[in-house]
Amino acid sequence: MSWEGCFAPSLADIEALADAARESLPEPFAGAAEGVAVQVADLADEAMCAALGIDDPFELTGLYEGVPLTEKSHFDSPDQPDVIWLFRAAILEEWCARGDVALDALVAHVYVHELAHHLGWSDDDIAAIDRWWE
């Protein structure tokens, strides 16, 4: 295989992989995902990391910002839309370090993990059914 002319996946490439993951979701998850925007940045900013007590932005591959569905009320008027953030450089670093997972699968995993937070699941809830690290 020739690597000539190959470049690291761009922000748009990561977003396209997240869009593909969203399009493959079964109901009722697909419906829940419709109201959540996807934003891709190279790394989480200082404010995001500080709010989570994270010193190294490479430790954060994704983040859900919003009010989980389990806490929303029809009487709420949201200040901003719910957003799933994907952090390209952190995802690529994990992808390279793992060496055993396809990039589309990793992006889908991060996206679905953050979508689970939108559904009201805690990290412990997610870990109980998602043995990703094994």
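The values are calculated or read from the model by the stated rules, or taken from the named source; none is laboratory data. This is a predicted model, so every value here is computed, not measured. Here the Cβ is made from the backbone with ideal geometry for all residues, glycine too, and neighbour counts use every protein chain on show.
Remarks
- Flag not set for Ala116, criterion: buried (at least 17 other Cβ atoms within 10 Å of the Cβ) and outside any helix (DSSP H, G or I).
- Selection of segment 72-93 for residues being buried (at least 17 other Cβ atoms within 10 Å of the Cβ) and either at pLDDT below 95 or of a type in the set (Asp, Glu) (or both) yields only Asp82.
- Residue check, Val101 under 18 Å from Ile126 (Cβ atoms), assigned to a helix (DSSP H, G or I) and of a type in the set (Val, Ile, Thr): no
- Test result for Leu69, touching a residue at least 40 places away in the same chain (Cβ under 8 Å) and surrounded by fewer than 18 Cβ atoms within 10 Å (Cβ to Cβ): yes
- Segment 55-69, subset among the hydrophobic types (A, V, I, L, M, F, W, C) and not in a helix (DSSP H, G or I), residue farthest from Ala97 (Cα to Cα): Val67
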